[in-house]
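Just below is one structure, and these are the notes that go with it.
Bear in mind these aren't lab numbers, they're just calculated from the coordinates by the rules spelled out. What you are looking at is a predicted structure, and each value in this text was computed from that prediction instead of being measured. Here the Cβ is made from the backbone with ideal geometry for all residues, glycine too, and neighbour counts use every protein chain on show.
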Amino acid sequence: MTRTVLITGGAEGIGWATARLFAARGNRVVIADLSGAQARAAELGPAHQGITLDVTDEGAVIAAFAALGRIDVLVNNAGIGDTHLPSTEQQIDSFRRVLDVHLAGAFLMAREAGRQMIAQGGGAIVNLSSIAGVVGLPRRNAYGAAKAGVSMMTRSLACEWAGAGVRVNAVAPGYARTALVQKLVDAGRIDLDAIRRRVPMGRLIEPAEIAEAIWFLASPAASAITGVTLSVDGGWAAFGDFGDAT
């Protein structure tokens, strides 16, 4: 049976790399994004679908699942950047918006996917956490809190739904070679050379590498794995020595 895979934030970056991988390996992909979803789905071929969706809109999320029917895999990838401002200058509205998209949006999508998967006898959910949810990153208060919340929510849902055949896992990427990261570089908010020195593998992570980890967690090869957050970060979270890692 061909699996149907729903990927939020699937029109760009890690989501798009994941969509291409799942489509190339014979799955039917549904790309959900605020914009560009239909065009991206058309690039994958006629078997695939794009829908415009705001993951923070509960009514829209419920309607989307009702219209789509069976979903075998959910990849919770939708997200936004944070301000990178000093904490004393951060505004509560921006803080809440980051949590709303990354954490509340992931919960809404997982809740509706869980309902569907429990009813159909099983499925797999892969959430996107981050190194920011594993280690402390200065100025990244909202983003770090949201991604740490995603990891803990992953564990909770995994324990609750394991008996129903629904596996819930997460991937925690390090700095990846995406348009969003490049935007932060161009704005002077992050230093790529410093990041490369901090990563034991000495490089950024490719979106395709993260997609492979998502594929594994959603595949039968991971049939006994649930509730984990898998770091895909070139060794960032493992490095605890002083000085540069490379």
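Values computed for the structure shown
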read-out: Residues whose placed amide H lies under 5 Å from that of SER129, excluding near-sequence neighbours; value: VAL171, ALA172
read-out: Projected-area mean, segment 75-216, by convex hull of Cα positions, square nanometres; value: 9.0 nm²
read-out: Principal-axis tilt of helix 207-218 within the chain, Cα atoms, nearest 10 degrees; value: 50 degrees
read-out: Hz values of 3J(HN,Hα) by residue in segment 37-43 - Karplus curve (6.51, -1.76, 1.60), Gly and Pro given as x; value: 5, 5, 5, 5, 4, 4, 5
read-out: Two-site label geometry, MET1 and ARG70: point separation in nm, points 7 Å out along Cα→Cβ; value: 0.4 nm
read-out: Added length on full extension, which subtracts the Cα-Cα distance from 0.36 nm per residue, MET152 to ALA104; value: 16.0 nm
read-out: Residues of segment 2-27 with amide N under 20 Å of the 7 Å Cα→Cβ point at ALA60; value: 6-16
read-out: FRET E, pair GLU160, VAL135, Förster distance 22 Å, beta-carbon r, rounded to 0.05; value: 0.20
read-out: Value of relative contact order over the chain, rounded to a whole percent, pairs C-alpha under 8 Å and six or more apart; value: 19 percent
read-out: Stokes-Einstein diffusion coefficient of segment 43-144, Kirkwood radius over Cα pairs, 20 °C, 1.002 mPa s, in µm²/s; value: 140 µm²/s
read-out: Calculated P(r) of the chain - Cα pairs past 35 Å, %; value: 11 percent
read-out: Efficiency of FRET from Cβ geometry, MET201 and ALA224, R₀ 22 Å, rounded to 0.05; value: 0.20
read-out: Calculated FRET value between PHE242 and ALA187, using beta carbons and R₀ = 25 Å, to 0.05; value: 0.30
read-out: Debye-sum result for segment 1-47 in log10 I(q)/I(0), which assumes one identical scatterer on each alpha carbon, at q = 0.14, 0.15, 0.33 Å⁻¹; value: -0.25, -0.29, -1.36
